[in-house]
Every structure is written in structure tokens, then in C-alpha cells.
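The values are calculated or read from the model by the stated rules, or taken from the named source; none is laboratory data. The structure displayed is predicted, hence computed values, not measured ones. Here the Cβ positions follow ideal geometry from the backbone for every residue, glycine too, while neighbour counts run over all protein chains shown. Remember, those area values only see protein heavy atoms, side chains included, never the ligands or the DNA or RNA. Shrake-Rupley method; radii C 1.70, N 1.55, O 1.52, S 1.80 Å.
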Amino acid sequence: MKIQPQVDLSAFQNEESNFAHLSLHDLVTARDLFHVHLMRHPDVVATAVGRYRIRVGDSWPNDKKKIHGTSVRRLDNSEVRPYSWPCILVFVTEWQDPKESKPDQLVPSTIFMPDGKRVPICVIEAPKESKTAIEARNIRFPLNNIGPGNPIIAEVQGQEYVATVGCLVSDGHKIFALTNRHVTGNAGEVVWCELNGVRERVGTSAEKQLTRLPFSSIYPNFAVQNTYVNLDIGLIEVDDIARWTPKVPGIGILGPMADFSSINLSLSLVGCHVRGVGAATGEMLGEIQGLFYRYKTSGGFEYVSDLFIGPRSPANSAGRKPVPPPKFATHPGDSGTLWVLEPTVDSSHAKAGDNNAYLPLAMQWGVNMLDSAGSARPQGFALATLLSRVCALLEVDPVRDWNVDQSDTWGALGHFSIAARTLVALSGNYPHLDTLMGNNRKIITHDDDILAGGDFKGMGTADFVPMADVPDFFWKPGVGKQHHTRPWEGPNHFADMDQKDAHGNTLLSLTTSTNFIDPDKWQNFYDSVKDILGGQPIEPKHRGLLPFRVWQIFDSMCQLAADGDAQKFVCAAGVLTHYVGDACQPLHISYLHDGDPNRPIEHEFTKGKKAGTTEKRPLGQGVHSAYEDAMVFDHRMEILDGLKRTTKVKKSELIANGFEAAQKTIDMMRNVFAQIPPLDMVQTYVDVGKGGKASSDALWAAYGQKTINVMKQGSHLLAVLWESAWEVGGGETKVKSLRALTQDEAMGIVSDPDFLPSMTVDQIGASLKKPRPPAVSIAMQTRARG
């Protein structure tokens, strides 16, 4: 992605202006020398340093018709243009017409410095509002995890105070949440939040805090006297990091911190667009309108804010009509908001999912209300402190993402791709089903542009997870951190169909008889396998039951269609895509899922606490990641294109019950083994002798087209199951609403533990609807096979 500068600095740096050469240091020095005089003026309420604001109606340098207004200049009728020159901004309560005022009543237009430099002054009418609301309203609490943009609550002297979580930071040992000190209070005070409507303790105020510091201690390059920088930063020591996410709503994973100090801070920030997410206001789109905003004088000391953020200027350029900017507001409860520097993107270079160009810039700690023109309501302006200064003083670093939350390209890309192409395979014989599922595409999966990006980090902490990956990133223990995990979800995702028992039988061979498609018989099989594993029984979490999970969900979909429950039908159909997706991948249905445990090799540790020791590992360990992550990611475009040719469902393929759904799933598994034998795949990986692109390329050369083929079979089977359940339940006549679900509606359904409950293989049989085949003991099966 090519990031374009927001402001063409060369335009004003090359301007033939006596002021273009002025530096930030020049402006700060000039204001400090002249500030006593300025603040004695009865109309002056605040000052800042920045760039000269030009009235929106004024002409541009190359315009033939020259227009230069002389009327009142306000923040809402002026803008920073590319050629705006450095200046001191002076905010006054009332604009004075030079023709009607005495010279000693006017704010001078220029400051003359001892070294001969001239520093211009830009006067802006912006009287302060005398009253500022303190009550936080319209607070948005999260559904699952708490993170940037979410509210935190502190109870002090019987009163509740609300602030916004800015970002997560770490001192290398612990994780903290960054917000405002005036809410977190003293060390040890309990901080709360509401998660899914329930108030919970989420942490305590840490000892490290920032209130105010001398300007010269933070910016030693600037000689400024009797001035404080307000910081108002508090840290929350979080109780349980599993309840937190570092992702920012609407942005996701942030880019690296914008690192500014007195050495590199410059006027290039003025006019730049910034974005924040506050707990009270939500998304805020603003513009940096000034630096070092001096907002208060008290006891002979001045108080400044690093950044002064307000509405964006109208989108304008020479010869074009201005485009109204987005409305800007900030409210009580937004204190603590993280403001990020928003790049402009050259769309010809942009990539889907490439969002880490948003650079964390500053923390909001306050707001100034300035009156607008006429009867318009006062406009709020955010006061913020540079994040780089905060982190340096607290000795912490921003946490952009959890190390453990790495991209799971098959878990996301594979499942989402299969789900997306299921729509291609629908026969068209059920128009209402086609409309319902088409309307809910984004509830189940993603559009192709996002799939092409292939980056799905952070879903395990997201408030919304598309249905195709709810089983992994919302229900599975150790992955989903939204606190809706299910203890027995794991075994629903796999079945080691090639694992042999003491007699050489496998689930793959035994299920050639439909009598063995029975969870009780599978339970007996797992009991018998212990004979070849040193007498140790297989734990319940390792007893896969994937085909029976498909059976269970198909039964539910039939009933939901019959009940006319479109919302739950969509969610059930969506999560079904995940399990069928698992069933059509060889390493999800084999005991060789990450190497051959029957051929262990010694692995020597060379780093960390175990350095110098060895352990036995399966031969070919790493093949799982090389195939399902690296290979699928590297060749995602070929896979997505190949899946477009998934064949449509024929009427003769429709089934009548969940047992047949399980049977068809096992038939597909058998076909997957025939096309891509897991043992051959492990050997291919071992023969390469190293990971990385070499392994990815070797696996693609051997199994690339075959992988596309089995994924196409998965999409086709899903379409068969969707249409069959719709037909059995009479969905065309009984389902009335075909609208798209909201994200909150979908997550509310899958948050219910009674929705498609996760079970073990010995539990699930009771929930499956007949017909079921007659019981035949495993002993009889064994004798029959000799």
C-alpha cells in the first residue's frame, strides 16, 4: 500500500513567503516572549502554534479572480491549505474590525523577534463556552472483550466516572490499559466494565500515573518558562488478559506508534486527519488544528495540550467546490480515546485488510467547548497528549496484537472460501433460500476482496465473528476469548478416520457398513484403541465425532425451517460450513494431523529454558502449518478462482435426514483420503527438509489441484445439506422473513450455549433424530473382518 502524505508540505515550503522558513521552535519561542502581552488582552482566551487558516471562500494562488475576505474568521469558516504558512493562532472572544477599533485594542498581525525574524499571528474568533457537561451519556459497552474505544467505570465517593480505554501497553512483564487518571484515581482502585450486559471488575489502577509536567522537561529543546504540559494519564493493571483485545473498532490491528519528540515534532502534523473511537461518541473523524494549545492560566503558570483536534476542513482544492466535511463532536466519556494518524491511501496500491497504516498518535484527556457563529451549538475540540511522550515517561510500549493470536489462514481463509462458494453451488430450485443466504453472506463469510487479503488476525477476541468460523474463534477453548467457549467443542472438529485399533480396524474401514455410523459404536472403538497406546485410554477431548456434529446440525436446520425461524437457520447453516470444511481437509481427519507419531525423532532445544535438552517429536511435525497455513495463503487466489467452478446441486442428491448427512460426510472423507493420503503428504514435507516457501511450493506442486478439488466437494456437500434441510422443513413456504441479520443478532444466537450444544461422542447420540441403523457390536464387526 502506498501511503500519501496528507498535506503537500512542498506547496507552502516553496511559497514565496517571508514566513515559510519559520520552524516550530521559532513559533514556540515567539509566543513565549509575547505571551504575557497577548494574555493581557481582554479578548484573548487561548493560543496555539500552527499554520495560517484561510477563509474557505478566499481564492487560491492560481485563481484568476482574486478574493480575500476581511470578515470574521472562525474555525468553521476557515481551513489549512497546502500553502498555509507557519503562524501563532490567537483565539479571541470577539472579532474586531480594524476600521472600527483603536490600534491598542487590536491583536497585532505580526511579532517582531530580537533576531529580526517576523512571526505572523492568525486571529480566530472562538469564545469559550462557560458551561461544560460532565455527565457521560450514550455509553457503548462491549459484547465480549474490552479494548480500545470501550468504556471503563470507576466509583468514587458514591459517584460513577466513565472514561475510554485508549490502548493496551506493556512494561515487558504485565499488560496495562491506558486511559485517564482523573477516572482511574489512586493506585489500587477497582475499575469496572459491562460485558454482555453484566458489570464486572476488569482491573485496578496501577501505581504509575502522569498528571502534569514542566514543558521544558518534556520538550527540552524549547526554552519555555512557567508552563506545564497536562498529561492526565492513568494505567489499569488488567485482571485477566483473556478478557481484553488490542484491536481498535473499525481499524483492527494498529500500525507502529508515531514516535514524536522535541527533536522531530514539526508543523507537518497541523492539518493532518486523525481518527478516534470514544466510548460516548463512537467514531470521531477530526483534524489537528494546532500544537501546544495554551488553554489555561492559573497562579502565574500556563497550561498547554500537545494537540488541539477539531472538525476537518472542507475537502477543497483550487478551482473546485468545497465538499462538506464529516460532522465532529466529542462528549464526556470520551476522555482516554486513542487518536490515530489516518493516512491517505493510493487505491491503486491498496490491499484488502491492509490496515496497519493507522499510526497511534495521541491520548485525549479533555475537551474545550468553543462557541460557533450565530445560534449554532458550541463546538467541542479534543485536547490530547502525544502517545510517544506518554509511553516514554511510563516506560511502556503499545501492544498492537497478541503474540499468540497469529493468522490462522486455513481456519479462516479455508472455511470462509468454502462458505462463500456454497452460494455458487445452490441449484436455484429454492428462490427464497437463495435470497435468504445471499442477503446473509456477510454474516456467514466475507466478500472476495477480503478473502484475497487473507489476513484474519484477532478473530478470537472480536465482538463479531462470521458464522463460518464461530466454532473456532468463538466456541473452541483456548482460541475464543469472548467468554463463550464450550468445554467439549474441540472433538466436534475432527475424526481420526485412519487410526487403527488392536485388530487393524479403522473408522474409515468400519464405516463402509452403514451400521457403524453410530456414536455408541465409535465410543467402543475409541475404548479399544488403548490396546496399542500402552494401555492408556483416549481422553474424551481426543475422541473426534465430526460426522455426528453434521448430523446434529442438519436435524436442527430441518426443525428451524419448519418453525419458520430464518435467523437461527442462517446461523446453523453458517456454522455447519465450518465442520464440513474440516471434513474435506486431510489433516483434520487423520491421526497424522501434524506428523507421524509412529516414527518419532529426537528434537534438541537450542534456546530458552530447555536449551541442551531433547524430546521426541512426530516425524514431519510442522506439516500442518506448512499445508493449511502457508500453502493455502500463498495460493489463495488460485484456490478462490478454482472454487468458482463448484458444481450445482442436482435434485437427486437431496437427502431426507441427519443420518444421511453423516453418511455423505464420511463418504467425502473417504474420497479426501483417496486423493490426498496424509502419509504421502507427511513424506513430501519431510523430503523437502526445511519449512518456509520451499515446503509450501512442494506441497502445492503435489497437492494443489487436489486441494481445490476436495474443497469444491466441501462446498457442494454444504449446498446439498442446505437445500435438503430447507426442503425437509418446508422453508419455501414457512420462512417469511428473508432479511439480513445484524451482527448483534447473529452473535446473540451463537452466544446461547443451548444453540447447537457441543457434546462428546458418548453424549451426542441422545440428541440425534432417527432413523438410525440397527445396533451391531464392535466384536461382531471385528469377527466379520477376520
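For segment 624-642, a tally of residues being under 12 Å from residue 705 (Cβ atoms) and hydrophobic (A, V, I, L, M, F, W, C) returns 1. If you go through segment 229-245 and keep only what is in contact with a Ser or Thr (Cβ under 8 Å, 6 or more places away or on another chain) and crowded, with 17+ Cβ neighbours inside 10 Å, you end up with 229, 230, 231, 232, 233, 234, 235, 236, 237, 244, 245. Residues that are aliphatic (A, V, I, L, M) and under 30 Å from residue 743 (Cβ atoms) were ranked within segment 187-228; the one that is surrounded by the fewest Cβ atoms within 10 Å (Cβ to Cβ) is 198.
Given the structure, is residue 620 within 24 Å of residue 577 (Cβ to Cβ) and in contact with an Asp or Glu (Cβ under 9 Å, 6 or more places away or on another chain)? For residue 620, the condition - within 24 Å of residue 577 (Cβ to Cβ) and in contact with an Asp or Glu (Cβ under 9 Å, 6 or more places away or on another chain) - is not met. Looking across segment 281-294, the residues that are in a strand (DSSP E or B) and either over 22 Å from residue 40 (Cβ atoms) or open to solvent by 30 Å² or more (accessible area, probe 1.4 Å) (or both) come down to 282, 283, 284, 285, 286, 287, 288, 289, 291. Checked against the criterion of being more than 24 Å from residue 271 (Cβ to Cβ) and either at pLDDT below 85 or crowded, with 19+ Cβ neighbours inside 10 Å (or both), the candidates 132, 70 yield just one match: 132.
When residue 495 is tested against (1) open to solvent by 10 Å² or more (accessible area, probe 1.4 Å); (2) touching a helix residue (DSSP H, G or I) at 6+ places or on another chain (Cβ under 9 Å), only condition (1) is not met. The set of residues in segment 151-178 that are open to solvent by less than 10 Å² (accessible area, probe 1.4 Å), β-branched (Val, Ile, Thr) and over 12 Å from residue 237 (Cβ atoms) comprises 152, 153, 164, 165. Within segment 422-448, being at pLDDT 90 or above and either charged (D, E, K, R) or under 19 Å from the mean Cα position of the chain (by Cα) (or both) holds for 434, 441, 442, 443, 444, 445.
The condition (being more than 20 Å from residue 630 (Cβ to Cβ), in contact (Cβ under 8 Å) with a residue 40 or more places away in the chain and of a type outside the set (A, V, I, L, M)) is satisfied by just one residue among 704, 692, 642, 658: 658. Pairs are defined by a Cβ separation below 9 Å, a sequence spacing of at least 6 or placement on different chains, a first member in segment 150-171 that is within 15 Å of residue 190 (Cβ to Cβ), and a second member that is assigned to a strand (DSSP E or B) and basic (Lys, Arg); the pairs so defined are 153/199.
Screening residue 268 against (1) hydroxyl-bearing (Ser, Thr, Tyr); (2) open to solvent by 10 Å² or more (accessible area, probe 1.4 Å); (3) in a strand (DSSP E or B) leaves a single unmet condition, (3).
Among the residues examined, residue 633 qualifies as open to solvent by 50 Å² or more (accessible area, probe 1.4 Å) and either more than 36 Å from the chain's Cα centre (by Cα) or among the aromatic types (Phe, Trp, Tyr) (or both). Helices (runs of 4 or more DSSP H) fully within segment 674-774 that include at least 3 residues being open to solvent by less than 30 Å² (accessible area, probe 1.4 Å): 678-688, 692-729, 743-750. Does residue 666 satisfy being surrounded by 22 or more Cβ atoms within 10 Å (Cβ to Cβ) and either at pLDDT 95 or above or within 30 Å of residue 768 (Cβ to Cβ) (or both)? Answer is yes for this residue.
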